[in-house]
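Q: Got a structure for you, written out below as structure tokens; questions coming shortly.
Derivation of every value follows stated rules applied to the coordinates shown; laboratory data play no part. Keep in mind that what you see is a predicted model, and the values were worked out from it rather than measured. Cβ: placed from backbone, ideal geometry, glycine included. Neighbour counts: every protein chain shown.
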Amino acid sequence: MPSFVMYLVHTLFPHDVLRPTELGADVMIIATGVIIFYVLTKQKKWLYLWREWLTTVDHKKIGIMYLIAALAMLFRGGVDALMLRTNLALPSTPVIDALEYNQVFTTHGTIMIFFMAMPFIFALFNVAVPLMIGARDVAFPRINAMSFWLFAFGALLLNISFVIGGSPDAGWTAYPPYTGPMFNPGPGENYFFLSLLIAGIGTTMTGINFLVTVLRMRAPGMTLMKMPMFIWSALTTSALIIFAFPPLTVALAMSLFDRIFGSSFFTLGHGGLAMMYVNLFWLFGHPEVYIVVLPVFGIFSEVVATFSQKALFGYSVMVISIVSIMVLAYGTWVHHFFTMGAGPGVNAFFGLSTMLIAIPTGVKIFNWIFTMWGGRIQMTVAMLYQMAFIPTFVIGGATGILLATVPADYQLHNTYFLIAHFHNVLIGGTLFGLLSGLYYWWPKMFGHKLDERQGKWAFWLFFWGFWITFGPQYLLGLKGMTRRIYTYPAGFGWHTLNVISTLGAFVMGAAFVILVYNIIYSLQHGEKDLTGDPWNGRTLEWAIPSPAPEYNFARIPVVHERDAWWDMKQKGQTLAAMRPEDMRTLELPKNTPIPFLLGFAFFVVGFGMTFEWWYIVALGAIGVVATLIYSGFDYDEHKHIAAEEVLEIEAGLGRVQG
Amino acid sequence: MSQPLEFRPEAEDAVSDEGEALRFMRPHFGEEKFPWIQIWGYIGSLVLTFAALIMVVDHVLPPLALLSVILALAVGQAALQLGVFMHLRESRGLAWQIIFLGMVLLMAVGMVGMSIWIMTFKSGVS
Amino acid sequence: MSLPVEDEKIIQHVPAEFSDEKESIKITGFWMFLVTDVLIFASLFSSYAVFKNQVAQGPSASQLFTLGPVILETLLLLTSSFTIGLAIYAMRKENKRALMFWLILTLLLGAGFVTAEVHDFVTFVSAGATWHKSAFLSGFYILVGTHGAHVTFGIIWAATLLFQVARRGLTAVTTRKLFTFSLYWHFLDIVWIFIFTFVYLNGKIV
């Protein structure tokens with residue numbers, strides 16, 4: 001028995017999770033856990049948590065859970081970033097060693113893409129899409145909850161890696177053969193592949209869900225060309241997801257099989273082709289870039305129209321360009337590995353196709369500018385992010401065109417120029433857009449605004465922090481500094497720029513702290529939104545109270561014009577003057593523990609397989625199958641809210657005539 | 001006082017009207033007295049399969065041409081299954097699967113073809 | 001907005017699986033799932049195409065494959081595609097007994113297919129052709145194996161559907177489930193035809 005315990009301790013806590021940083025994190029995790037447990041028990045909130053949140057299928061609550069997870073992951077990824085920058089601030093003075101540096105940049109990239117940007121986007125989709133199209137929920141509420149729990153348990157699996165068993169250290173792209181068992185023993189990469197596989201199943205289901213929601217659930221009269229731009233972006237993003245995630249799933253599964261089942265896909269011997277992984281990975285990876293940026297284009301289209309108090313300029317051109325970006329996004333993946341050595345034909349083709357994408361993107365930029373032209377612009381925080389986005393994203397796009405030029409790419413590949421470029425589009429595009437959406441839809445989620453003054457502080461710190469961090473990195477790249485080095489000697493001319501860059505990173509850290517303070521402060525003191533329409537909005541979500549009632553719309557309105565709610569307001573119509581005889585009994589999805597249990601069962605499978613403990617895997621697999629079969633036999637999917645009850649709720653909100 | 005709103009009698013049922021551009025996705029339901037179409041479909045699928053088999057066993061064409069022909073037969077088989085058995089055009093509202101299957105067909109062909117093209121790098125000099 | 005009149009007429013007497021708006025949305029959703037599955041297989045086919053000549057010290061496609069068992073498997077699957085088509089035909093005629101008969105027959109044919117395939121794999125492995133041996137074999141086993149796993153999953157799924165239909169009869173929900181299962185099953189048939197063509201027959205073209 002003691003030998004078994006020793007084995008367990010050595011496997012779960014090898015020396016690389018017993019470093020001071022990890023032990024410090026352990027203490028913090030345990031302390032936080034104890035505090036949460038204490039508070040929940042003290043307030044008798046366990047049952048509330050289970051009933052109202054863990055088993056919910058309400059898209060608004062799922063959106064809020066996604067948001068909380070995304071902000072937590074932004075914190076974790078941000079701390080990782082600060083560790084990386086601290087290590088590189090001064091030449092030859094590493095704070096953490098090479099192995100830990102590798103682990104930290106791996107988790108930084110993985111978390112920021114898969115567990116921060118994606119759930120943040122899904123948070124906004126969940127909150128806004130059904131409300132904007134006049135639906136009572138998404139197409140498949142139960143699958144929506146399953147997606148969330150698969151994502152959440154996938155994220156958990158990756159996040160426990162650094163305190164139990166050891167983190168992955170092969171970068172967020174996890175190229176073989178370094179991820180093979182020969183070079184990378186231990187559970188780290190297993191964690192990586194399994195957590196992404198589990199979260200990836202959830203993401204694929206989310207893609208299907210929102211695609212069908214947009215296609216089939218729109219309010220009567222809302223034809224494709226009358227949908228808000230954000231809905232177009234949700235449609236194209238969902239289509240990208242269902243087209244892009246399958247190759248990722250296959251690539252990850254093959255790598256995992258190479259590691260634990262002894263196959264020979266990407267091995268050095270036995271005819272394996274490591275570059276095939278790279279090909280499959282970027283077949284997913286490039287569309288993924290657009291998966292995280294197209295929603296943001298949608299958010300900005302709503303924000304710019306609302307705060308310029310003008311209809312979006314060139315709507316149909318915007319639609320054409322977003323659809324062409326979606327299509328072109330599939331034809332450019334080789335630009336991530338031009339240096340592989342494919343022939344000039346291949347590289348020329350993919351270089352040109354990459355540059356083509358700049359055209360529809362440029363069209364969109366001009367349309368946002370023309371929307372502002374002549375509008376009555378309100379400088380809210382959401383609008384500030386939009387205005388910062390335009391120049392930042394244009395510069396990020398322009399450096400992207402430089403990288404798409406194949407001969408230049410041979411020089412710039414894997415230098416800090418590349419790092420600066422993709423942070424330029426991911427922070428200047430995705431993060432700015434998500435924060436803009438956060439400020440824009442916050443009143444709809446919680447019934448109060450976020451404090452604008454604090455929000456502006458956070459905005460300016462994010463904006464300048466971003467440029468102070470990544471401006472110098474372009475120059476560092478041109479000076480030859482390569483990515484993924486944990487330290488560098490003095491005398492290369494990299495010193496000053498690195499110091500500046502690290503300072504910028506801490507400015508962004510400060511911005512995040514202010515953002516969190518802003519959220520906590522506003523929960524208490526935020527300006528209440530009593531009308532449901534705090535920004536004088538244009539789309540249907542602003543026609544209902546904030547936060548929206550469980551059923552969203554007591555009656556689904558008929559849509560006649562593009563900005564449906566704006567049109568109704570112009571005609572003097574309102575949804576807040578219902579007649580009692582308009583009320584109907586509503587059918588809504590019913591809460592269920594199945595999604596949570598399914599996610600947990602997948603987590604057990606993932607954890608067991610990480611350490612190759614097959615009894616645990618079998619246990620989890622039984623759980624997965626049992627949950628699915630139970631779900632198949634469960635016909636009790638809906639509940640009903642009686643017309644009288646709806647009337648009572650609406651009357652309580654002051655939305656009934658007489 | 002604001003005007004009362006207009007609701008459709010069954011506004012819950014969202015059926016879209018997208019005009020002529022998407023006409024090809026209008027739903028169509030078949031009605032049959034006897035499953036003739038299934039029987040002909042089955043016979044057709046067997047014919048297509050054995051045609052490919054015989055062509056390969058007898059080496060009737062040079063390799064690349066032969067592969068192209070049997071792949072064309074497989075595509076025909078897929079079309080047959082979709083048309084005969086999978087009720088491709090049935091839906092409430094528009095039959096959205098038609099456009100997405102068209103897109104995914106292009107992408108699948110593109111993915112396989114491009115991957116082969118990209119991965120030939122190891123045989124050539126570059 | 002309603003459809004034009006002639007389309008509304010069609011909607012009036014749709015089959016049971018389309019009769020409920022919410023259930024009919026699930027059919028659209030299932031089509032979209034099939035779209036993702038097409039791309040799973042497309043990725044596997046791309047890998048197989050690239051790995052095809054990476055035989056290392058292992059056997060090549062033309063050395064490994066024998067067409068006899070493959071033809072049997074193809075016949076079993078094509079026939080099961082026919083029987084599930086008849087099952088859906090019976091379902092639309094509201095003939096529950098005929099539906100159950102054709103569904104059970106489909107399951108048996110599917111089980112026969114899986115058995116033949118497993119037997120095939122065991123033969124290969126016992127001849128030393130494990131997937132460790134070469135990238136070609138890895139690509140082959142994962143492509144054909146993923147299809148086989150889909151069929152196995154389909155058999156279990158259909159078995160649970162049998163119980164549901166027996167208990168609840170032909171309602172909007174059960175017919176929708178059966179219809180989506182039939183889509184899944186035909187889809188697997190299409191994938192198999194491509195495996196048959198691109199893997200087995202292609203392996204015999206020298």
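Q: Suppose every K and R has +1 on its Cβ and every D and E has -1 on its Cβ; what is the size of the dipole of chain C about the Cα centre, in Debye to the nearest 20?
A: Taking the Cα centre of chain C as origin, the dipole is about 360 debye.
Q: Starting from the Cα of C:Leu72, step 7 Å toward the Cβ, then list every residue of the stretch B:35-73 with an amide N under 12 Å from that point.
A: Flagged as within label range: none.
Q: Hey, another quick one. Taking the Cα atoms only, what angle lies between the long axis of helix A:594-610 and the longest principal axis of chain A, rounded to 10 degrees?
A: 0 degrees
Q: Before rounding to the nearest 500, sum -39500 (n - 2.57) across all DSSP H runs of length at least 4 in chain A and divide by the residue total; then give [θ] at 222 nm in deg cm²/dmol.
A: -22000 deg cm²/dmol
Q: For chain A, give the magnitude of the charge dipole about the Cα centre (Cβ charges: +1 Lys/Arg, -1 Asp/Glu; no others), in debye to the nearest 20.
A: The dipole magnitude comes to about 1000 debye.
Q: Separate question: For the stretch B:109-117, just list the computed ³J(HN,Hα) in residue order, Karplus coefficients 6.51, -1.76 and 1.60, θ = phi - 60°, integers in Hz, with x standing in for Gly and Pro.
A: Once θ is set to phi - 60°, the couplings for the stretch B:109-117 become 4, x, 4, 5, x, 5, 4, 4, 4 Hz.
Q: Using a 7 Å offset from the Cα along the Cα-to-Cβ direction at both A:Met355 and C:Arg168, what is the distance between the two label points in nm, to one decimal?
A: If labels sit at A:Met355 and C:Arg168, their model points lie 5.8 nm apart.
Q: OK, next. Give me the distance between the Cα centres of the stretch A:171-202 and the stretch A:141-163, rounded to whole Å.
A: Measuring centre to centre over Cα atoms gives 16 Å.
Q: Right, here's the next one. List the residues of the stretch B:74-106 whose backbone N lies under 16 Å from a point placed 7 Å from the Cα of B:Trp36 along the Cα-to-Cβ direction.
A: B:84
Q: Would you list which aspartates and glutamates come within 12 Å of A:Lys571, measuring only between C-alpha atoms, while excluding same-chain residues fewer than 8 positions from it?
A: Hits, sequence-local ones excluded: A:Glu561.
Q: Angle check, please: helix A:344-372 long axis (alpha carbons) against the longest principal axis of chain A (alpha carbons), in degrees 0 to 90, nearest 10.
A: 30 degrees
Q: Sticking with this one: With an 8 Å Cα cut-off and a minimum separation of 6 or more residues, compute the relative contact order for chain C in percent.
A: Values: 187 pairs, mean separation 71.1, N = 206.
Worked out over chain C, it gives 35 percent.
Q: A further question follows. Nearest 0.05, what FRET efficiency do A:Thr32 and A:Ala642 give at R0 = 30 Å with Cβ-Cβ as r?
A: For R0 = 30 Å, the calculated efficiency reads 0.10.
Q: Lysines within cross-link reach of A:Lys639: Cα-Cα under 22 Å, excluding same-chain residues under 8 positions apart?
A: A:Lys60, A:Lys61, A:Lys590, C:Lys22, C:Lys26, C:Lys177
Q: Which aspartates and glutamates, on any chain, are close to B:Lys33 with Cα under 20 Å apart, when same-chain ones fewer than 8 places away are left out?
A: Hits, sequence-local ones excluded: B:Glu90, C:Glu17, C:Glu94.
Q: Summarise the partner chain shielding of C:183-194 as one whole number: the mean count of Cβ atoms from other chains within 10 Å of each residue's Cβ.
A: Counting Cβ atoms of other protein chains within 10 Å of each residue's Cβ and averaging gives 5.
Q: Taking the Cα centre of the stretch A:563-658 as origin and charging only Cβ (+1 Lys, Arg; -1 Asp, Glu), how large is the dipole, in debye to the nearest 20?
A: Result for the stretch A:563-658 is approximately 180 debye, rounded to the nearest 20.
Q: On to the next question. Measuring from centroid to centroid over Cα atoms, what is the spacing of the stretch A:75-102 and the stretch A:600-658 in Å?
A: 40 Å
Q: What are the DSSP H helices in chain C that stretch 24 Å or more along their long axis, judged by alpha-carbon atoms, and whose average Kyte-Doolittle hydropathy comes to at least 0.5?
A: Working: long enough: C:21-51 (45 Å, 1.02); C:67-92 (38 Å, 1.43); C:96-126 (44 Å, 1.27); C:135-168 (48 Å, 1.06); C:172-195 (34 Å, 1.05).
Helix filter hits for chain C: C:21-51, C:67-92, C:96-126, C:135-168, C:172-195.
Q: For A:Phe553, A:Phe162, what ranking results if the residue with the fewest other Cβ atoms within 10 Å of its Cβ goes first?
A: Ranking A:Phe553, A:Phe162 by Cβ neighbours within 10 Å, fewest first, gives A:Phe553, A:Phe162.
Q: At a Förster radius of 35 Å, what calculated FRET efficiency corresponds to the Cβ-Cβ distance of A:Phe370 and A:Trp50, to the nearest 0.05? Each step should come with its number before you reach the end.
A: On the way: r = 50 Å, r/R0 = 1.44.
In this case the efficiency is close to 0.10.
Q: Kindly state, to the nearest 0.05, the FRET efficiency for C:Ile156 paired with A:Gln570, given R0 = 56 Å and r defined as their beta-carbon distance. Numbers along the way, then the final one.
A: On the way: r = 56 Å, r/R0 = 1.00.
My answer for the efficiency is 0.50.
Q: At what distance in nm do the modelled label points of A:Ile320 and A:Arg484 sit from each other, each positioned 7 Å from its Cα along Cα→Cβ?
A: 4.2 nm
Q: Working out 0.36 nm times the residue gap between A:Leu18 and A:Asn414, then minus their Cα-Cα distance, what length gain in nm do you get to one decimal?
A: 139.4 nm
Q: May I pose another question? With angles folded into 0 to 90 degrees, how steeply does helix A:2-12 sit against the dominant principal axis of chain A? Use alpha carbons for both and round to 10.
A: On a 0 to 90 degree scale, this one is about 70.
Q: Dipole of the protein assembly as shown (Lys/Arg Cβ +1, Asp/Glu Cβ -1, origin at the Cα centre): which of B:Gly44, A:Tyr290, C:Leu99 lies farthest to the positive side?
A: It is A:Tyr290.
Q: I need A:Val278, C:Val118 ordered by Cβ neighbour count within 10 Å, fewest first.
A: C:Val118, A:Val278
Q: Now a separate question. What is the list of residues in the stretch A:353-390 whose amide nitrogen lies under 18 Å from a point 7 angstrom out from the Cα of A:Arg453, following Cα to Cβ?
A: A:379-382
Q: Please name whichever of A:Pro580, A:Asn591, A:Trp614 sits farthest to the positive end of the charge dipole of the stretch A:524-614, dipole taken about the Cα centre and charges placed at Cβ: Lys and Arg +1, Asp and Glu -1.
A: A:Pro580
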